[in-house]
Every structure is written in C-alpha cells, then in structure tokens.
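What follows is calculated from the coordinates using simple rules that are stated; it is not laboratory data. Since we're looking at a predicted model, the values are computed, not measured.
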Amino acid sequence: MAVKGPDDLERAFSLLKQAQVDGLLVEQSPVFIFQAKKLAELAAEAKLPAIYPLSNYTQAGGLASLGPNLTDNLQHTAGYIGKILKGANPLDLPVEGSEKTSLTVNSTAAKDLGITIPPQVQARADSIIE
C-alpha cells in the first residue's frame, strides 16, 4: 500500500500488523517528515520497532534514526552559497555533499518495546534520548 498522505497512516499500520511485520524502515519523504509524532505513536501502539531517516522522529518518540547529518549538510550548503556570492559560477562548482551520518537512539522507546540497545550501538550513537 502506498502512503500518499497522513490519512493513509493508520490503515498502513493496520496492514503491517496483519502481515505480522517485525520491523519498519521509514523512508525520507515529505509525507512522513511532518507526521513524525504520529508515525512514532502508531509504531509504539503496534509494538513495531522502527528506524527513521532523521532525528526529529526519535525526538518525537521513535526508536532510532540513521540519516544525514543535517548540520554538516547545512555547512556544505553555506560554503556553496558563499562561493556563489563571491562570484563563482554555480556551473563551475564541483558537486559535493556531506558523507556524515547521524545515529540517534531513544532509550525510552527501546525500553517500551522490550529492546536492549547493544553497547556497540550506544557507543556509535551521536545522541541517546533518555
């Protein structure tokens, strides 16, 4: 089932539950980014571990997020803007991007799901929400 908007979320989670899915990987999408809290709530209600693309999902109660480091991305963007404002032709600039990722884990969500976060994951995490 394709989720095309917020109204599709509850039905999608109902179908996931029926299919006895063990986990969920949420893709980065404009449909989902504004529904972080709702997604985290539905995953918690379904007792479904979910990994999200951005830390705002874990801040809203989601289990974990692994995705681009937005601070580093913004610094790269600012560098490009600075070069352009100083007269560089955008066509002459090389395509660059951040390769840094950010891992955030919500220990409260993990506890609610009965999951123990392995020490290796805790050590790798950029942020742990208590």
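What to note about this one:
- Annotation: extensible slack from residue 99 through residue 70 equals 9.4 nm (criterion: 0.36 nm per residue apart, minus Cα-Cα distance).
- Length-normalised contact order of the chain in % [C-alpha pairs under 8 Å, at least 6 apart]: 20 percent
- Projected area, mean over directions - the stretch 1-76, Cα convex hull, nm²: 5.0 nm²
- Partners of residue 111 within straight-line reach, counting lysines whose Cα lies under 21 Å from its Cα and excluding those fewer than 8 residues away in the same chain: 17, 37, 38, 47.
- Matching label, Rg and Dmax of the Cα atoms in Å computed from the structure shown, candidates [x] 15.2, 47; [y] 13.4, 40; [z] 17.9, 58: [z]
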